[in-house]
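Nothing in this text is a laboratory measurement; each read-out follows from the coordinates by a stated rule. Remember, predicted model here, so these are calculated numbers, not experimental data. Because the Cβ atoms are built from the backbone with ideal geometry, glycine has one as well, and the counts that use them run over all protein chains shown.
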Amino acid sequence: MTAHHDATLADSYNFAYLDEQTKRMIRRAILKGVAVPGYQVPFASREMPMPYGWGTGGVQVTAACLTPDDRLKVIDQGADDTTNAVSIRKFFQRTAGVAVTESTVEATLIQTRHRIPESALTAGQILVYQVPIPEPLRFLEPRETETRKMHELEEYGLIHVKLYEDIARHGTIATAYAYPVKVEGRYVMDPSPIPKFDNPKLSNSPALQLFGAGREQRIYALPPFTHVVSLDFDDHPFEASKAPHDCDLCGASDSYLDEVITDDQGGRMFVCSDTDFCRVRQEAGHLGAMAVPNLAGSA
Amino acid sequence: MSDALLGGFEQAPLQSSNAFRAALAVLSQPGEIRELQGALPPAPLSVAAGVLLLTLCDGTTPVHLAGGHDCAAVRDWITFHCGAPLVGAEAATFAFGDWTALHPLGRFAIGQPDYPDRAATLIVEMATLTATGAALRGPGIAEVAHLSLPEIAAFQANRALFPLGFDCFFTCGVWVAALPRSTRVEAV
């Protein structure tokens, strides 16, 4: 390895933590995933220095893709400053010495837990999803041998029954996240637990989208400009829903919102889940109903 | 020192990471042509094919050498640098050779209906490689892309097998392009 002068870089690790043999294995799986969009490629997932459920699949895909020239952004539910995002970002700063950023437009590789950034992704960017349960049919059919056969035969009636049961019970498709999609008219895919508000961004994105499930040992992919359709019915078309509010900090009406409880008197506010998007808007002068003028900036 | 010992990566982690990103870019955007540098394999293996070999192959990936590529110099180089078992076309995960030498294509693994990923990757050595010729449409392509494919019919037949089928990288000197099985190919 070349000498790095970053004091935080741990030289005792191979570049991006994983050994080369493991990276080759993951890279081969990624390439096959790209060749068959939406199909879940099995891979020999490794133990990572973080627990399952904290993004071990995404971390392995990111480690296999990173180059020293990359600029990495890590988000957890849209936020750059939550525990999971901070831990993974520091992990790659230490083991790969890569530059990091919170800006969506400046990042070359974005690892995400459960959100797609609000700002449009661009050609050349890679979005890596952390996936807990990659199999969209798993809660309908627990046997792997059966779900594999169902994918083989394109036997997806069961998942439509599930959506229909939503309508029968609630009058509408109540599934709000991990909303199943069909890729290029062939494979039904779990887009990871992103809100269904994000589903339209899966389709025809100029960026490459990679999905890693560590505990479940699956990698799948959506190449750029892949046609992705959210499953629905003619009389109950898919609807990308969000809370019917504007962001209370930046005033955005078109971003996905988190509801934040502010006191024990029923007080609440709605804020953008994408912290970078919200910050950029506030800096540009957009203020929401509960925004406090930035004193440091105006001094 | 034997020539077989030379020509590998000098900084494998960094060089293979850059090489993989180029391979990922061309496979996820069919028609795109990128440069692969860093290895100096023995002839007739091109630089780009040698870099792909070092980046993707190891002791767990059976490699098939077709036609003129099946020579002592290349066999020794692969054995030393990758440790990949050299096998017949039917058992290969990766195959290297000229387009005509790789025929008949029916020998290569196209995956199984329940495991379409268990398919061969062909690394086709080309005399020229340009973004002209056959029209490509499908995942990875915004509208239409073009690539100087060695023929059309074989790739149309391969696409008809989707989600089964083999995937191809095309190499020419230091240049690489790719055609996954998902791409629809038409003559212009």
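Computed values, structure above
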quantity	calculated
Sequence-separation-based contact order of chain A, relative, with Cα cut under 8 Å and 6+ spacing, percent	20
Interatomic Cα distance distribution for the protein assembly as shown, bins of 20 angstrom, percent	23, 54, 21, 3, 0
Helical contribution to [θ] at 222 nm, DSSP H n ≥ 4, -39,500 (n - 2.57), averaged over the protein assembly as shown, rounded to 500	-7500 deg cm²/dmol
Förster-model FRET efficiency, 51 Å R0, A:Lys149 and B:Glu10, C-beta, rounded to 0.05	0.60
Principal axes of segment A:153-287: Cα extent on each, largest first, Å	52, 37, 32
Antiparallel bridge percentage (DSSP; both residues within the protein assembly as shown; nearest 5)	55
Scaled radius of gyration (Cα, divided by 2.2 N^0.38 Å) that segment A:199-275 gives	1.50
Over segment B:135-188 - Rg/Rh using Cα atoms and the Kirkwood inverse-distance radius	0.94
Rg(Cα) / (2.2 N^0.38 Å) computed for segment A:242-288, rounded to two decimals	1.11
Whole-angstrom gap from segment B:94-119 to segment A:71-118, using each part's C-alpha centre	38
Three-way shape call for segment A:1-129 based on the alpha-carbon gyration tensor, with the a/c threshold at 1.5	rounded
Average projection area in nm² (convex hull over Cα atoms of segment B:26-175, one quarter of hull surface)	8.4
Listed residues A:Asp264, A:Asp254, A:Asp190, most fluctuating in chain A (Gaussian network, C-alpha, under 10 Å)	A:Asp264
Cα-based reach from A:Lys73 at 29 Å (exclusive), listing lysines while leaving out same-chain residues under 8 positions away	A:Lys23, A:Lys32, A:Lys90, A:Lys182, A:Lys196, A:Lys201, A:Lys242
Residues B:Arg75 and B:Ala157, FRET efficiency given R0 of 35 Å [Cβ-Cβ distance, rounded to 0.05]	0.70
Whole-angstrom gap from segment A:183-202 to segment B:4-57, using each part's C-alpha centre	33
Cα gyration tensor shape for segment A:136-201, rounded if a/c is under 1.5, else prolate or oblate	oblate
